[in-house]
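Student: Below are the C-alpha cells for one structure; questions will follow.
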Amino acid sequence: MTEPGVPTGRRARAARHLGLTGAVLLAVAGWLGGVLPEVPPTGPWRAPHGPAAILCWLVGTALMVGAWWALRAGAPSTRWAYVTAGLWTLPLLLTPPLASRDVYSYACQGWSYAAGHDPYRVGVAAAGCPWVDAVAPIWRDTPAPYGPAFVLLAALAAVLGGTLVGTLMVLRLYAVAGVLLVALSLPGLARAAGVPTRRAAWLGLASPLVGVHLVAGAHNDAVMLGLLLLGLLVLVRSPGRTGALLVAGVLLGLAVAVKATALVVLPFAALAAVHGRYTLRALLRDGGRLAGAVLATLAAVSALSGLGLGWVAGLARSGDSQQWTSAPTAVGFVVDYVGELAGRRPDAVPVTRAVGLLVLAVLLVLLWWRAWTALRRLNDVRQRVHRLAAARPRVTLGAAGAALAATVLLAPVLHPWYVTWPLLLLAVSATRTTWFVAPAAVAAFLTLPDGTSVARYTKAPGAIVMTALLLVLLVGAARGRWHPTVRRDGAGPG
C-alpha cells in the first residue's frame, strides 16, 4: 500500500525526466548567452543568440520548477531524491557561469589578495586585476563584502587556476563541495527534527535555485551553507558535549568567516547546544562554550589572513544595488511614486531600508524568545523520550529557518540565491511547506542567463506587487493566521 503523500512511480519518473530536460535547456542557454567574460553593451535579447538563449532559459526554468513543485510533498525515497538531484546537476556543471557575474568578482578579489593587495581597502579595478572587465561595473571599485576565510579560498583558486577559466573551475569546485556538505547534513537534520528525509532531500537539493545559482553560478553561499548545516548537525546529534561544541563552533565560525549571513543563525545554534533542561545556567554554559569556539575561529582566520575585521566595512556597500525584490526597497519605491504624483521626490528608499533593518532586529529577538519559551515548556512536558528529542531540534532549526526567511524578506537587497538560506533549514524542520516553497519557485524566474535581473525591467509593477504582498503578510500576521515558526504545542514550525 502506498504511503500517503508519496508520488506514484509514473508521476515521479515524469518529474525526473521533465526536470532533466529543463536542466539541459538551461545548460544550452548558458552556452548561447550565459555569463561570459565580456559584458554585453545592450540587453541580452540583442546579443547574437539572445532570443534563443532566453527561450531555452524560460522553458528550462519552467520545467525544472514544475518538476520540483510537483514532488514538493516528498520524493519516492531519499535515495531517489539524491539520484535525481544529481542528474539535474550534471548539465549545469558543464556550462559557463549562469545568472550572475559574482563569480568574476570572487576571482578578482582572490587575485588581488594573492598579489598583495587588501581587498577590503582596494577595489579590484584599482588593484589591477587582469580580469576586471568581466566584473560587473558596479562592483569594480567596491571593497570585498566577504569574510577572510572566503578571501583565502578565492586567493587559493586564483593561484591554482592561474588563468580566469582555471580560477572559475576551482571556484565551482568549492561550490560543489559546499552542496555536498549540504547533502551530507540534510538527512541527519531531518531525522533529528522528525521530518521525512525524502522530503527534506528533495526540497533542499532538487530546487532549481541550488543547481542554477549555487552550482552553475558558483556562489559562495554554497560554502557557507555547507559549513552551517554541518555545524548544526553536530550540535543536534551531541548537544552539550564539549568536543561537539568545539567542532560545531569551528564549523559555524568558518561559515561566518565566509559570509556574515551565518551570524543570524548563531543565537539559535546556542539553543541547540543546550543539553538537558533548558535553564539560563545551561544556556550560558553550553551556549557560552559554542560562542567561545566561534569567536576563537574568527580570530584565528582573521589573524591567518592578516585582514582583521576589515570585511565588515565592505558589507555596507552591498546595498548599492536597488531592486524591488527587497521588500523595504519596494516600499521606498512606492513612496517615491506617490510623492512624485504630489510633486515631490521624497527619496524614501534609505529610510524604508533603515526601518526594515530595525524591524528585522526586533523580529529576530522575538523569534529567539519564542523559541526559548517553547523549549522551556518542553522541560515539563511528559511524553515519550523520542518525541521530546525530535521537538527540540525542530524548534531550534525551524526558528533559525524563520529568522533567515525574515532576513531575506527585510534585507536591503534580495538576490534569488539568498532564498536558499531559509529554504535548506526549513526543508529539514517545517511541517507545512507551501509558504516557503512557493517564493523559492518564483525566485527562480528573477534572473536571465547572462545575469540580467528581471527586476530592472519591472521596477514599478514589481514594487507595487511586493508592497501589496507585504501588506497582506502583515495583516495576516496581525490576525494570528500565519505562524511559520513555533507552534503553541512546541512541535516546531508550521
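Student: Scan the chain and hand back the longest stretch that contains none of the trypsin sites (Lys or Arg not before Pro) lying in DSSP loops with at most 12 other Cβ atoms within 10 Å.
Tutor: Result for the longest clean stretch: 1-276.
Student: Let me ask something else about it. With a 4.7 Å Cβ cut-off, tell me which Cys residues in the chain come up empty for a partner.
Tutor: When partners are defined as cysteine Cβ atoms under 4.7 Å apart, the chain leaves Cys56 without one.
Student: Which one, Ala303, Thr89, Gly147, projects farthest toward the positive side of the charge dipole computed for the chain from Cβ point charges (K/R +1, D/E -1)?
Tutor: Result: Thr89.
Student: Okay, moving on. Any chance you could run the full-extension gain for Ala177 through Leu160? It's 0.36 nm times the residue separation minus the Cα-Cα distance, nm to one decimal.
Tutor: Gain on stretching Ala177 to Leu160: 4.5 nm.
Student: Let me ask you something else. For the chain, what is the calculated [θ] at 222 nm in deg cm²/dmol (nearest 500), taking -39500 (n - 2.57) for each run of four or more DSSP H residues and dividing by its residue count?
Tutor: Value at 222 nm, helices only, nearest 500: -20500 deg cm²/dmol.
Student: Still on this structure: Pull out the extension gain between Ala126 and Leu263, defined as 0.36 nm times the separation in residues minus the alpha carbon to alpha carbon distance; nm, one decimal.
Tutor: Net length gain for the segment: 46.3 nm.
Student: For the chain, what's the relative contact order in percent, using C-alpha pairs closer than 8 Å and at least 6 residues apart?
Tutor: 17
Student: For a footprinting-style exposure proxy, rank Ile54, Ile464, Ile138 by other Cβ within 10 Å, fewest first.
Tutor: So the ranking, lowest neighbour count to highest, is Ile138, Ile464, Ile54.
Student: Need the C-alpha centroid separation for the range 82-145 versus the range 168-207, integer Å.
Tutor: Between the Cα centre of the range 82-145 and that of the range 168-207, the gap is 23 Å.
Student: Any idea how far apart Val351 and Ala282 come out in nm if each label point goes 7 Å out from Cα toward Cβ?
Tutor: Using points 7 Å along Cα→Cβ, the separation is 4.8 nm.
Student: Further, regarding this structure: Where in the range 229-322 are there chymotrypsin sites (Phe, Trp or Tyr not before Pro) that are in a DSSP coil and have at most 11 other Cβ atoms within 10 angstrom of their Cβ?
Tutor: Within the range 229-322, no chymotrypsin sites (Phe, Trp or Tyr not before Pro) qualify (loop, at most 11 other Cβ atoms within 10 Å).
Student: OK, next. For the chain, give the magnitude of the charge dipole about the Cα centre (Cβ charges: +1 Lys/Arg, -1 Asp/Glu; no others), in debye to the nearest 20.
Tutor: It works out to roughly 2180 debye.
Student: Taking R0 as 41 Å, what's the FRET efficiency between Val465 and Asp133 from their Cβ-Cβ distance, rounded to 0.05?
Tutor: About 0.70, to the nearest 0.05.
Student: Now for a separate question. What distance in nm separates the simple spin-label points at Ala313 and Ala342, each placed 7 Å from Cα in the Cβ direction?
Tutor: Those two pseudo-labels are separated by 3.9 nm.
Student: Charges on Cβ only, +1 for Lys and Arg, -1 for Asp and Glu, centred on the Cα centroid of the chain; of Gly401, Ala361, Ala430, which one is farthest towards the dipole's positive end?
Tutor: Looking along the dipole axis, the top candidate is Ala430.
Student: Here is a further query. Using 7 Å Cα-to-Cβ label points, what is the Thr242/Leu94 separation (nm, one decimal)?
Tutor: Roughly 5.2 nm, to one decimal.
Student: Along the range 174-187, what does the Karplus equation 6.51 cos²θ - 1.76 cosθ + 1.60 (θ = phi - 60°) give for ³J(HN,Hα), rounded to whole Hz, x for Gly and Pro?
Tutor: My calculation for the range 174-187 gives 4, 4, 4, 4, x, 5, 5, 5, 4, 4, 5, 8, 4, x Hz in order.
Student: Enumerate the amide H contacts of Thr447 below 5 Å, restricted to partners 5 or more residues apart or on another chain; note that Pro and chain-start residues carry no placed amide H.
Tutor: Counting only residues 5 or more places away or on other chains, the set is Val454.
Student: Turning to a different aspect of this structure: Could you calculate the contour length gain from Thr373 to Leu358, that is, 0.36 nm times the residue separation minus the distance between their Cα atoms, to one decimal place in nm?
Tutor: In short, 3.1 nm is gained.
Student: Between the range 210-232 and the range 59-73, how far is it from one alpha carbon centroid to the other, in angstrom?
Tutor: Cα centroid to Cα centroid, the span is 20 Å.
Just so you know, all these numbers are worked out from the coordinates, no wet-lab data involved. As the structure is a prediction and not an experimental result, all values here were calculated from the model. So basically every Cβ, Gly included, is an ideal-geometry build from the backbone, and we count neighbours across all protein chains shown.
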